[in-house]
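One structure below.
The values are calculated or read from the model by the stated rules, or taken from the named source; none is laboratory data. Source: prediction; values computed, not measured. In this analysis, Cβ positions are derived from the backbone assuming ideal geometry, glycine residues included, and neighbour counts consider all displayed protein chains.
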């Protein structure tokens, strides 16, 4: 892979009006919707916990800092002549923009929303018919696997490339390096099952975006590998949510300050060399708390965590950037299959926080109650809309109720379907009608999904 190609600022179509990626993202409705999508905890008016929007802003900011750090190291080491002609801004702006949109395809109710959609298809698709034919007999294996493996990462690529934007048919028209950077898993759902030598855990694109994926690969010179900047985006995402989840959990009173201290004190680093440094950072958290306690101000525990998180983010950025530099050759050849935090002190901190999160935060009743309600909402909406969508735009007889159901679907998504289905065969049209409903539901905010559920089923 070559940086001159990786940073070549190529777009699906050329139009100078739409080539400012940052402005395009910031001004989009779909980006603004993220403010009403939960990150971890249900949204309240008075707690100011992270939403999907504020999380994306934090990933964007951290990604930009990571990009600046890595560019300076690579340029100083003269790793590539392109660093003499490209600026630091060319490098970091990709991560700035990719951070903003990396979660734009995520459905309502957090990651549990993804699970609910997958579960619905796995449970119900085999019982749906078009005429006398089972849907599962009408779709290809690849198309079926897309539905069974619904994934927010793949949905983000779909939304960014297919959603009509300001009258343009081909999505946001973001530069290919941004689309490449958000593709953490450059593999289809079909290959995930049958041809996955690198052991990817999730798919990165749908059948509907296969041509786009190939185009990005060809123009970026990726050869089926991850874009190098995707590793930095992944690191920025890990830094953002691991540090913020414990802070938000404290705000929601799910955990206390001592829970965090205890989790850090009881954790044993994988590399014993890191043990003394790990203890140093743990002790620093306690010291910061004691400082805040002496100030006799409100919420010393929360302030201490916020200060410590800010400090640790700097450490994590440096660790991830140094790891990228050390593994540079393997990353650029497509042979790197690890995580940038492997073997680092930041990796130990992240794992300690992850263990605490899995034990106390992600299993908390306040979170699980919302998730279970979200599952019911998504299941009910899919139950209502999917049978009607199968008959839409066909010669099959459609009932009055089914017609009214389709009338409820936003014209935005119906126009997206018609644009994409133009001159497609019947199999692909069926697949795209199913995606029309998943696009519609996954594009909902938490509030809209709840309100529509109450209107239809209360």
Among the residues listed as 49, 25, the single one being assigned to a loop (DSSP other than H, G, I, E, B), over 30 Å from residue 138 (Cβ atoms) and out of contact with any strand residue (DSSP E or B) (no Cβ under 8 Å at 6 or more places or on another chain) = 49
When you scan the stretch 308-344, how many residues do you find that are more than 30 Å from residue 250 (Cα to Cα) and either assigned to a loop (DSSP other than H, G, I, E, B) or within 22 Å of the chain's Cα centre (by Cα) (or both)?
-> 8
Counted residues, the stretch 392-415 - those being in contact (Cβ under 8 Å) with a residue 40 or more places away in the chain and touching a helix residue (DSSP H, G or I) at 6+ places or on another chain (Cβ under 6 Å) = 1
Residues 222, 193: which one is assigned to a helix (DSSP H, G or I), touching a residue at least 24 places away in the same chain (Cβ under 8 Å) and in contact with a helix residue (DSSP H, G or I) (Cβ under 9 Å, 6 or more places away or on another chain)?
-> 193
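The rows are residues; the columns are (1) modelled with pLDDT of 95 or more; (2) under 30 Å from residue 265 (Cβ atoms); (3) not assigned by TED's automatic domain parsing to the domain that holds residue 51.
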site: 343; (1), (2), (3): no, yes, yes
site: 370; (1), (2), (3): no, no, yes
site: 398; (1), (2), (3): no, no, yes
site: 402; (1), (2), (3): no, no, yes
site: 407; (1), (2), (3): no, no, yes
site: 422; (1), (2), (3): no, no, yes
site: 435; (1), (2), (3): yes, no, yes
site: 441; (1), (2), (3): yes, no, yes
Please identify the pairs in which a residue from the stretch 9-27 that is within 20 Å of residue 60 (Cα to Cα) and assigned by TED's automatic domain parsing to the domain that holds residue 102 has its Cβ atom under 9 Å from the Cβ atom of a residue that is surrounded by 12 or more Cβ atoms within 10 Å (Cβ to Cβ) and at pLDDT below 65, counting only partners at least 6 apart or on another chain.
-> 9/19; 24/18
Please enumerate the residues belonging to the stretch 88-99 that are surrounded by fewer than 24 Cβ atoms within 10 Å (Cβ to Cβ) and over 10 Å from residue 178 (Cα atoms).
-> 88, 89, 90, 92
Set 100, 74, 96, 66: member being modelled with pLDDT of 95 or more, more than 24 Å from residue 32 (Cβ to Cβ) and touching a helix residue (DSSP H, G or I) at 6+ places or on another chain (Cβ under 6 Å) = 66
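May I ask you to verify whether residue 52 is in contact (Cβ under 8 Å) with a residue 12 or more places away in the chain, within 23 Å of residue 243 (Cβ to Cβ) and within 15 Å of the chain's Cα centre (by Cα)?
So residue 52 fits the description; yes.
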